[in-house]
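The values are calculated or read from the model by the stated rules, or taken from the named source; none is laboratory data. These numbers come from a predicted model, not from an experiment. Backbone-built Cβ (ideal geometry, glycine too); neighbour counts: all protein chains shown.
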Amino acid sequence: MSSSGWSVLRLHDFRAFVLARISTVLALQMQSVAMGWFVYDMTKSAWALGFVGLAAFLPAPVLALVTGQVADRYDRRKVIASGYSVACVVSLGMLACVWLKIAEIWPIFLLTMLQGAARAFYMPATQAILPGLLPRDSLSGGLALSSSTMQTGTVLGPALGGLLYVLGPDVVFGVGAICFALGTLSILSIKARPPVVAREPITWPHLLGGIHFIKSQPVILGAISLDLFAVLLGGATALLPMFAQDVLNVGPEGLGLLRAAPACGSITMALMLTQWPIRRKAGPLLFSAIILFGVAMIGFGLSTVFWLSMLCLYLSGLADMISVNIRQSLVQGNTPDAMRGRVSAVTTVFIGASNELGEFESGVLAALVGAVPAVVIGGVGTILIAALWTRLFPALAARDGLLNEG
């Protein structure tokens, strides 16, 4: 089966996986817009936006050793479905907060932490299950197609979240609950079962197997750490409500469009990678993408024109998808199936750190120096990190193919 094109959609299990991902990503993105606007409207505080991101991130590193074990030792379909079910409960909890007209922020922090805990379990299992649904020579193209459909949810989610928010935040959280329920049913329809293997005793070396594997693979370590620091410093998602209200003077509909712009760039690049997968010069392409991401974020931070801000965010999404595709292919394509859960748990911490912890960093820095300087400083930092990583990980900078030989 060709690694490019849409032929992998003929596989029932892959279609079910894609449907589950797009529905749950749609829910997360809709709710993220609603949550950001709801919290900032309630508090007018950059600190509050930052701490929401921190609350979403904390469960991942705390539970990393457990979640990796669960993904490697139990039916990954059921692990993912359980996580989606908890996320559905969180959506209903947020719905209750709106209906009860809560005036305190702490229930939202608690629900966000529960959402983060659910993601800490289902993300490693989601990453670990995908390679088993695809032929090896279709992995890169399948990952790009999976990413493109996921980014469809990321595109539609913020825009739909902003539009539905006009009807009320309760509508957003109610629709989110329905999407998580659909994702649960879809993932349970996957028929593939991993081969039954003897479970190793749980020892410290086994618990730390994912960490040891990544440390032994400098190319993989370099790729995920580069992605971590680039998005940690350069991300501006948490500050978009501030830019929408205070810099660009657009409402929740405009915020939804700003949130959708990076995803539009991502889906454009993902569709291109579906047809023309990366086969050579993976390292140089990765570093070029990171630098472009940093430049785009600097442009966004300095812009006071809505269309120019949208363009910069679109370019950041293009660059980020190149980075994501290369990182996912390096990690998932070169990790033995028996330890994909533990390795994915570690990478989930890195991804969560770059996203949710990045939101915390952005919120704190914006509270100290302002939203515009925070984004510009972050973009400059991203470019400097890329330059430093070429020295620290020369094998990654010179990497050609995505999969190891043999």
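Table for the structure above
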quantity: Which numbered condition F38 misses (of (1) farther than 23 Å from F121 by Cβ; (2) touching a Lys or Arg at 6+ places or on another chain (Cβ under 7 Å)); calculated: (2)
quantity: Count - residues of the stretch 277-305 that are over 13 Å from S329 (Cβ atoms), of a type in the set (G, A, S) and part of a helix (DSSP H, G or I); calculated: 6
quantity: Which numbered condition K281 misses (of (1) surrounded by fewer than 19 Cβ atoms within 10 Å (Cβ to Cβ); (2) in contact with a helix residue (DSSP H, G or I) (Cβ under 8 Å, 6 or more places away or on another chain); (3) under 24 Å from L226 (Cα atoms); (4) at pLDDT 85 or above); calculated: (2)
quantity: Extreme residue, modelled with the lowest pLDDT, among residues of the stretch 224-264 that are out of contact with any Lys or Arg (no Cβ under 6 Å at 6 or more places or on another chain) and charged (D, E, K, R); calculated: E253
quantity: Test result for M321, buried (at least 24 other Cβ atoms within 10 Å of the Cβ), part of a helix (DSSP H, G or I) and of a type outside the set (D, E); calculated: yes
quantity: Residue satisfying condition, being touching a residue at least 40 places away in the same chain (Cβ under 8 Å), in contact with a Phe, Trp or Tyr (Cβ under 7 Å, 6 or more places away or on another chain), of a type in the set (S, T, Y) and closer than 30 Å to L167 by Cβ, within set T43, T24; calculated: T24
quantity: Number of the exception - I102 against (1) assigned to a helix (DSSP H, G or I); (2) closer than 30 Å to F243 by Cα; calculated: (1)
quantity: Meets criteria (in contact (Cβ under 8 Å) with a residue 60 or more places away in the chain, out of contact with any Ser or Thr (no Cβ under 6 Å at 6 or more places or on another chain) and within 18 Å of L26 (Cα to Cα)) for L273; calculated: no
quantity: Condition met for F173 (under 25 Å from the mean Cα position of the chain (by Cα), hydrophobic (A, V, I, L, M, F, W, C), modelled with pLDDT of 80 or more and more than 25 Å from P61 (Cβ to Cβ)); calculated: yes
quantity: Selected residue (only one of L49, L63 is assigned to a helix (DSSP H, G or I) and either within 24 Å of V171 (Cβ to Cβ) or out of contact with any helix residue (DSSP H, G or I) (no Cβ under 8 Å at 6 or more places or on another chain) (or both)); calculated: L49
quantity: From V25, V18, V39, V33, residue being of a type in the set (A, V, I, L, M), within 16 Å of C179 (Cα to Cα) and at pLDDT below 85; calculated: V33
quantity: Candidate set: the stretch 74-88, residues that are part of a helix (DSSP H, G or I) and without any contact (Cβ under 8 Å) to a residue 60 or more places away in the chain; chosen: the one nearest to R119 (Cα to Cα); calculated: G83
quantity: Test for K78: is it at positive phi and of a type outside the set (V, I, T); calculated: no
quantity: The listed residue being at pLDDT below 85 and either surrounded by fewer than 24 Cβ atoms within 10 Å (Cβ to Cβ) or β-branched (V, I, T) (or both), out of Q151, Q127; calculated: Q127
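Residues are listed down the side, and each one gets a yes or a no for (1) of a type in the set (D, E, K, R); (2) surrounded by 20 or more Cβ atoms within 10 Å (Cβ to Cβ); (3) farther than 20 Å from V62 by Cα; (4) modelled with pLDDT of 80 or more:
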{"residue": "V89", "(1), (2), (3), (4)": "no, no, yes, yes"}
{"residue": "L95", "(1), (2), (3), (4)": "no, no, yes, yes"}
{"residue": "V98", "(1), (2), (3), (4)": "no, no, yes, yes"}
{"residue": "L110", "(1), (2), (3), (4)": "no, no, no, yes"}
{"residue": "A118", "(1), (2), (3), (4)": "no, yes, no, yes"}
{"residue": "M123", "(1), (2), (3), (4)": "no, yes, no, yes"}
{"residue": "L139", "(1), (2), (3), (4)": "no, yes, yes, no"}
{"residue": "L145", "(1), (2), (3), (4)": "no, yes, yes, no"}
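Residues checked against (1) at pLDDT 75 or above; (2) of a type outside the set (A, V, I, L, M):
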{"position": "S303", "(1), (2)": "yes, yes"}
{"position": "W307", "(1), (2)": "yes, yes"}
{"position": "S316", "(1), (2)": "yes, yes"}
{"position": "D320", "(1), (2)": "yes, yes"}
{"position": "L330", "(1), (2)": "yes, no"}
{"position": "P336", "(1), (2)": "no, yes"}
{"position": "G341", "(1), (2)": "no, yes"}
{"position": "S362", "(1), (2)": "no, yes"}
